[in-house]
Amino acid sequence: MPPRHRRAPEVHKFGGASLADSSAVRHALHIVQSHGQGPLVVVISAMAGVTDAILTLSHEATGSDQRTTASLLTQLRFRHEEVVRALLPMGRNQATILDQVGTLFQELEALLQGLRPPDEPTPRTKDLVLAYGERLSARLFTAGLQALGIRCKYVDALEVIHTDALHGHASPDLDRTARSVRQILGPLLSHDTIPVLPGFLGAAPNGDLTTLGRGGSDLTATLVAHGLDARGVYLWKDVPGLLTADPRVVADARVVPELHPREAAELAYYGAKVLHPRALIPLAGRPIPIHVRPFADPSAAGTEVSERVPGGRHPVRALSAAPGQALVTVTGNGMLGVPGIAARTFAALHSRNISVSLITQASSEHSICFSVPEPLADLANESLLREFEGEISRQEIDGVEVSPGMATIAVVGLGMHGTPGVAAAVFTALAAAGISVVAIAQGSSELNISLVVPAERAAEAQRRIHAAFQLSRIAGGAVVQPERMELVILGMGQIGRALAALLPRVKRPALSLRVVAVIDRSGFIFDPQGLSPKRLSALAAQKRKGRQLADLPDGQALPSQAAVEHIARYALTRPVLVDLTADDTASVLEQALIGGMDLVLANKRPLAAERTVSDLLWQTARARGRRILHEATVGAGLPIIDTYHKLAESGDQVERIEGLLSGTLGSVLDDVSAGVPFSRAVKRAMERGYTEPDPREDLSGMDVARKALILARLLGYPGELASRSVESLVPPWAQSLTKEEFLQRIGELDTEWSTRAREARKSGAVLRYIAQVTPSKVAVGVRAVPESSPFARVRGSDNQLVFTTARYKTNPLVITGPGAGAEVTAAGVLNDILRLAGA
Ligand code: ADP
Ligand code: ASP
Ligand code: MG
């Protein structure tokens, strides 16, 4: 039969950290199921903690306590059996798998018993026992897929992955492995069968089982991808992606959306436990992307490691650290100018298979200094003393010095090439914390700066460097042009749509403004690279049709607060949350501030909420150095908040603000004063988009009251909104109706309003809804103002605000203009965004 699939396969690897128990395994099975359209290979690690447990067992077994060994083994066995029982229905299949698990455990037990105390197991035996972790989990996974009706086959890793004979740390034979990958996995794939492969394991040239080093399943996955010329590799892990630093050390570490393989390799090599140090080698020079994806959140973008990623934008992208290092120094005056000392040093180490992770040589050539893993320090010392026996006896070399208790830290980024001052910034940051740097090396590729610090200061050193380069907002460094800013839009209604239409028209060469996420009540859509204007307008169109984001392609269902938390995990440059809702969003905003976002609000509710709520927002912003701009909460795009701040900053004292603050009420009362029936006037305001979604928000005076309260709080008003100071145009009987019922019965209000308007007209006045604000008072309500008053001349939905200040006392400062409508409000919001960019 000809192969049905011409598409290149994907390789999915499930990390041990993710596979904790039966529900985690079930989740992994579902991930495979949902990727089931294309050809697929699955690579499985041992379940969480199993490799460590077997390692402990192999040491315990050589000790004397048989009982501990037995009970540890029983525990391990129960864990695996629990998964079988949870995933497979009772019956023959379940029994068969339980049998297989039983047999594997018997073999393991026999091997462990065979270990002769007091000798440590040989590396070869250790590999044999460790292999059971992966063999067990891959068997379970195969059975689980079968139970879901998915065609798959367990494949023995030893037939596929070929390595050298270095037990415990074997290196793959790339060509041979590629050949057997094709030979063995190819036919399965063309028969629509998913090969399931235990990771981490290989076969030495003599057929012995080898392991690829801790975390080696990553390497198994890339080896398979190399052999099959895969479309991509997915590494499902317990972290949201490759982060700017180890999240256990640096709490505000962020996801790096894209990384060049050279950067990723450097991080892995220098200790970032998230990727096996050699996992990138098989894919070098090939256009096969690696996706590091969060197991817990399968639709999240995670990190893409690929050759396509342009390097160079950011001097520093991420850090990693390797604890447990020793610094070895070879010193001596006789080294000066003597060729070959360095070469002999490293040859001596190489012959003992000691890998060196950092090398520096002072320019005086007086010493060579390098770091090695601490457990190998003695061996290194010994082999160097032997190598330089002659030089030492002739006193050309003083000797070899070993300082244990060190850690190496690597600061990585392709962009540091040609960016001066990176090293200086690292040292300044460490010096400020009193951390002494014992050694430093900069790779000739200028892709990394690595340094050695005392191990007990390593965590703090990483936090300091992370902060110094503002890695929690990745382009924070000074060298980045143009400035990037990412918008997270909360609420995609009328204002959101208007804003989306305005954004592409912003012309500021020094600013790149991208919308990275849109959130609504149902969920969110997020792309750290930015949603294109086309995509945004398509989204807006869907929203207008009443669709919810969670139901759209790429939409994820999550409450807003969790969505913000998710987005904030990414290393965005300058994230700004733009709240365009009319909801109580304080807790979402709080989350955004904590996640490093600035805020731009058109939503009045959070700032007009109870004092404790709004105060908390301002406090959090202040404490975290974040800004909250909210021009559009009052008077749409009119510069009202801005005027207040300018007056206050120039030392003026604002005593009172008074005026017309509601486009809706302005338009309604203007019409009513001119003789239009109240019900018609309201519907007209709705048609023009002046009103809140429910016009009663405006008619009740609450919307104006909120604006007035926001202004009053600027002036120092300490209190809450008292309901007696808000006059409502909605009578009590109309409050409990649905919006539709209210609109049906609104005509019942017409007579009362035409009477009120007529009375006013008789005394030469018109009706206006006026807000009065002082540092000690907020009141809003309908007033009949004389035709001669400036307020009488404000027409339609325009707003007018009058500032009475110490300087503008007899001749107050007046601001008039359109105060409602999606376009002008969006313009106000955009102004705030641009103001943040300029800051
Ligand atoms: P797997 O389950 O695939 O074997 P690992 O446990 O090997 O996954 O890798 C994930 C762990 O790596 C995380 O739990 C995290 O603590 C650690 N880690 C260290 N550095 C980083 C980093 N820069 N980004 C993400 N995770 C990191
Ligand atoms: N199980 C092995 C380990 O824990 C390999 C892996 O997980 O990738 O190191
Ligand atoms: Mg791992």
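Filter the range 189-225 down to the residues that are charged (D, E, K, R) and either within 16 Å of ligand 1 (Cβ to nearest atom) or at pLDDT below 95 (or both), then identify the one that is nearest to residue 278 (Cα to Cα). Please lay out each step first, then the result.
Our first condition is that a residue be charged (D, E, K, R); within the range 189-225, this holds for 192, 208, 214, 218.
From the residues that got through so far, the ones that are either within 16 Å of ligand 1 (Cβ to nearest atom) or at pLDDT below 95 (or both) too are 192, 214, 218.
Working: 192: 30, 214: 11, 218: 9 Å.
In this case the residue turns out to be 218.
Given the condition in contact (Cβ under 8 Å) with a residue 60 or more places away in the chain and among the basic types (Lys, Arg), answer yes or no: does some residue in the range 123-130 qualify?
There is at least one residue in the range 123-130 that is in contact (Cβ under 8 Å) with a residue 60 or more places away in the chain and among the basic types (Lys, Arg).
Consider residue 580 carefully, then state whether it is surrounded by 19 or more Cβ atoms within 10 Å (Cβ to Cβ), closer than 22 Å to residue 504 by Cα and out of contact with any helix residue (DSSP H, G or I) (no Cβ under 9 Å at 6 or more places or on another chain).
Values: surrounded by 19 or more Cβ atoms within 10 Å (Cβ to Cβ): yes; closer than 22 Å to residue 504 by Cα: yes; out of contact with any helix residue (DSSP H, G or I) (no Cβ under 9 Å at 6 or more places or on another chain): no.
For residue 580, the condition - surrounded by 19 or more Cβ atoms within 10 Å (Cβ to Cβ), closer than 22 Å to residue 504 by Cα and out of contact with any helix residue (DSSP H, G or I) (no Cβ under 9 Å at 6 or more places or on another chain) - is not met.
Scan 128, 145, 158, 140 and give me the residue that is touching a His at 6+ places or on another chain (Cβ under 8 Å) and surrounded by 14 or more Cβ atoms within 10 Å (Cβ to Cβ). Give the steps one after another, and end with the answer.
On the way: 128 fails: touching a His at 6+ places or on another chain (Cβ under 8 Å); 145 fails: touching a His at 6+ places or on another chain (Cβ under 8 Å); 158 fails: touching a His at 6+ places or on another chain (Cβ under 8 Å).
Just a single option satisfies the conditions, and that option is 140.
Given the structure, is residue 267 assigned to a loop (DSSP other than H, G, I, E, B), surrounded by 23 or more Cβ atoms within 10 Å (Cβ to Cβ) and within 15 Å of ligand 3 (Cβ to nearest atom)?
When the stated conditions are applied, residue 267 does not pass them.
Within the range 226-239, can one find any residue that is near ligand 1 (Cβ under 9 Å from one of its atoms), of a type in the set (A, V, I, L, M) and at pLDDT below 95? Spell out how you get there, then give the answer.
Taking the range 226-239 first, the residues near ligand 1 (Cβ under 9 Å from one of its atoms) are 235-239.
Right, trim to of a type in the set (A, V, I, L, M) and you get 235, 239.
In the following step, the residues that additionally are at pLDDT below 95 were identified as 239.
The answer is yes, given that some residue of the range 226-239 is near ligand 1 (Cβ under 9 Å from one of its atoms), of a type in the set (A, V, I, L, M) and at pLDDT below 95.
Taking into account only those residues within the range 632-681 that are acidic (Asp, Glu) and outside any helix (DSSP H, G or I), which is surrounded by the most Cβ atoms within 10 Å (Cβ to Cβ)?
658
Filter the range 80-110 down to the residues that are surrounded by fewer than 17 Cβ atoms within 10 Å (Cβ to Cβ) and either hydroxyl-bearing (Ser, Thr, Tyr) or in contact with a Gly (Cβ under 6 Å, 6 or more places away or on another chain) (or both) and list them by number.
Result: 96, 103.
Wholly within the range 155-264, which helices (runs of 4 or more DSSP H) include no fewer than the required count, namely at least 3 residues that are closer than 26 Å to residue 308 by Cα, in contact (Cβ under 8 Å) with a residue 12 or more places away in the chain and within 14 Å of ligand 3 (Cβ to nearest atom)?
The qualifying helices (runs of 4 or more DSSP H) are 217-228.
Of these, 650, 662, which one is within 30 Å of residue 761 (Cβ to Cβ) and among the polar types (S, T, N, Q)?
Within the list 650, 662, the selection yields 662.
With the condition kept exactly as written, say whether any residue in the range 686-693 is within 35 Å of the chain's Cα centre (by Cα) and at pLDDT below 95.
Checked against the condition, which is being within 35 Å of the chain's Cα centre (by Cα) and at pLDDT below 95, the range 686-693 yields at least one hit.
Residues of the range 32-52 being surrounded by fewer than 18 Cβ atoms within 10 Å (Cβ to Cβ) and either within 16 Å of ligand 3 (Cβ to nearest atom) or not in a loop (DSSP other than H, G, I, E, B) (or both), which ones?
33, 34, 49, 52, listed by residue number.
Looking at residue 611, is it within 17 Å of residue 594 (Cα to Cα) and among the basic types (Lys, Arg)?
Taking the combined requirement at face value, the residue does not satisfy it.
For the range 538-573, which residues satisfy the criterion of being more than 20 Å from the chain's Cα centre (by Cα) and touching a residue at least 40 places away in the same chain (Cβ under 8 Å)?
539, 540, 543, 544
If you check residue 67 against the conditions, is it over 22 Å from residue 141 (Cα atoms), more than 16 Å from ligand 3 (Cβ to nearest atom) and either touching a Gly at 6+ places or on another chain (Cβ under 6 Å) or at pLDDT 85 or above (or both)?
It is false that residue 67 is over 22 Å from residue 141 (Cα atoms), more than 16 Å from ligand 3 (Cβ to nearest atom) and either touching a Gly at 6+ places or on another chain (Cβ under 6 Å) or at pLDDT 85 or above (or both).
Which residues, taken from the range 303-345, are in a helix (DSSP H, G or I), at pLDDT below 85 and surrounded by 14 or more Cβ atoms within 10 Å (Cβ to Cβ)?
334, 335, 341, 342
Which of the helices (runs of 4 or more DSSP H) contained wholly in the range 739-839 include at least 3 residues that are modelled with pLDDT of 90 or more and out of contact with any Cys (no Cβ under 9 Å at 6 or more places or on another chain)?
Where helices (runs of 4 or more DSSP H) fall fully within the range 739-839 and carry at least 3 residues being modelled with pLDDT of 90 or more and out of contact with any Cys (no Cβ under 9 Å at 6 or more places or on another chain), they are 739-745, 750-762, 822-838.
Look through the range 270-290, keep the residues that are at pLDDT 90 or above and within 15 Å of ligand 3 (Cβ to nearest atom), and return whichever of them is farthest from residue 457 (Cα to Cα).
So, considering only residues that are at pLDDT 90 or above and within 15 Å of ligand 3 (Cβ to nearest atom), the one farthest from residue 457 (Cα to Cα) is 290.
Before we move on, is residue 397 among the aliphatic types (A, V, I, L, M), in contact with an Asp or Glu (Cβ under 9 Å, 6 or more places away or on another chain) and in a loop (DSSP other than H, G, I, E, B)?
Criteria met by residue 397.
Mind checking which pairs have a first residue in the range 508-519 that is in contact (Cβ under 8 Å) with a residue 40 or more places away in the chain and a second that is of a type in the set (Ser, Thr, Tyr) and part of a strand (DSSP E or B), Cβ under 9 Å, 6 or more apart or different chains?
As it stands, the answer is 516/570, since those pairs meet every condition given.
Out of all the residues in the range 228-239, which are closer than 15 Å to residue 13 by Cα and either acidic (Asp, Glu) or within 16 Å of the chain's Cα centre (by Cα) (or both)?
Within the range 228-239, 236, 237, 238, 239 qualify.
Name the residues in the range 695-722 that are part of a loop (DSSP other than H, G, I, E, B) and closer than 19 Å to residue 823 by Cα, would you?
Scanning the range 695-722 gives a single hit, 695.
Report yes if residue 60 is closer than 25 Å to residue 273 by Cβ, modelled with pLDDT of 95 or more and surrounded by fewer than 23 Cβ atoms within 10 Å (Cβ to Cβ), otherwise no.
Taking the combined requirement at face value, the residue does not satisfy it.
I need the full set of residues from the range 480-513 which are of a type in the set (D, E, K, R), part of a strand (DSSP E or B) and crowded, with 18+ Cβ neighbours inside 10 Å, in order please.
Those that are of a type in the set (D, E, K, R), part of a strand (DSSP E or B) and crowded, with 18+ Cβ neighbours inside 10 Å: 484, 486.
Any chance you could count how many residues in the range 383-422 are surrounded by 17 or more Cβ atoms within 10 Å (Cβ to Cβ) and within 26 Å of residue 259 (Cβ to Cβ)?
So the count comes out to 12.
Only one of (1) out of contact with any Lys or Arg (no Cβ under 8 Å at 6 or more places or on another chain); (2) assigned to a helix (DSSP H, G or I); (3) not hydrophobic (A, V, I, L, M, F, W, C) fails for residue 625. Which number is that?
Only one criterion in (1) out of contact with any Lys or Arg (no Cβ under 8 Å at 6 or more places or on another chain); (2) assigned to a helix (DSSP H, G or I); (3) not hydrophobic (A, V, I, L, M, F, W, C) is unmet by residue 625, namely (2).
The values are calculated or read from the model by the stated rules, or taken from the named source; none is laboratory data. The shown structure was predicted, so the numbers you read here are calculated from the model rather than taken from an experiment. Methodologically, a virtual Cβ is constructed for each residue, glycine included, from the backbone with ideal geometry; neighbour enumeration extends over all protein chains shown.
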